[in-house]
Structure formats: structure tokens, C-alpha cells
Amino acid sequence: DYYARCSLLDPANPLPYFYAADCYLYLRDLLSACAALKLVIKTASDYSEYTEMKHRAHLILETLLTAQTSAQAQAYSS
């Protein structure tokens with residue numbers, strides 16, 4: 001909740017979204033983590049200084065989506 005408030009103070013900064021995603025991952029709220037990571041990627045795209053953060057967010061998001069797809073496929077095969 002506090003990271004969402006921080007993002008209102010500086011909407012061009014993807015850092016609050018990145019830290020929010022980290023918190024959501026810790027809480028195992030994967031849907032919210034994915035949403036926050038998508039906001040990191042969207043916000044960081046406009047600024048070259050956030051290239052590394054954008055890359056990390058993309059890797060984490062890709063991993064989460066792949067894991068989700070694998071879990072769904074495994075559930076259907078059971």
C-alpha cells in the first residue's frame with residue numbers, strides 16, 4: 001500500500017512498483033506481483049537509466065508466467 005502511495009508522488013519512477021512486486025512475491029500474491037512488474041516495464045521503458053530494472057522485471061515476469069502455465073498444464077494432465 002505504501003509503495004502505491006510512493007508511485008503517486010513520482011509516477012515516472014518504476015522503483016515503487018518493483019519493490020511492491022517483491023512484496024507481493026513474498027506474500028505469494030502472484031497476480032498482484034505480475035501487475036506490478038508490468039507497471040515496472042511500462043514505466044521504465046521511457047528512461048534509459050532504468051534499463052537494468054526493466055530487464056530484471058521482464059525476467060521475473062517471464063518466469064512467473066512460465067511457472068503458471070506449467071502448473072496449469074500439470075493440473076489438466078492430472
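The values are calculated or read from the model by the stated rules, or taken from the named source; none is laboratory data. If you're wondering where the values come from, they're calculated on a predicted model, not measured in any experiment. All Cβ positions, even for glycine, are placed from backbone atoms using ideal geometry, and neighbour counts span all protein chains on display. Accessible surface is based on the protein model in full, side chains and every heavy atom, while ligands, DNA and RNA are left aside. Shrake-Rupley method; radii C 1.70, N 1.55, O 1.52, S 1.80 Å.
Here are some notes:
- Rough spin-label spacing in nm, given labels placed 7 Å along Cα→Cβ, for D29 and E52: 2.8
- Accessible area per residue in Å² at 1.4 Å probe, computed on the chain: 75
- Cα lying deepest toward the dipole's positive end in the chain, options P16, S77, L31, charges on Cβ: S77
- Loop-located chymotrypsin sites (Phe, Trp or Tyr not before Pro) in the stretch 1-55 (DSSP state other than H, G, I, E, B) with a sparse environment of at most 16 neighbouring Cβ atoms within 10 Å: Y47.
- If R0 is taken as 35 Å, the Cβ-Cβ distance between A75 and S45 corresponds to a FRET efficiency of 0.55.
- Exposure check, 1.4 Å probe, all protein chains in place: T63 carries approximately 90 Å² of accessible surface.
- Tilt relative to the chain, helix 51-77 - C-alpha long axis, 0 to 90 degrees, to 10: 20
- Charge tally around R56: other residues with Cβ under 13 Å, Lys/Arg +1 each, Asp/Glu -1 each, net -2.
- Dipole size of the chain about its Cα centre, with +1 on Lys/Arg Cβ and -1 on Asp/Glu Cβ: approximately 180 debye, rounded to the nearest 20.
- If you take the alpha carbon atoms of the chain and fit the smallest convex hull around them, that volume is 77 Å³ per residue.
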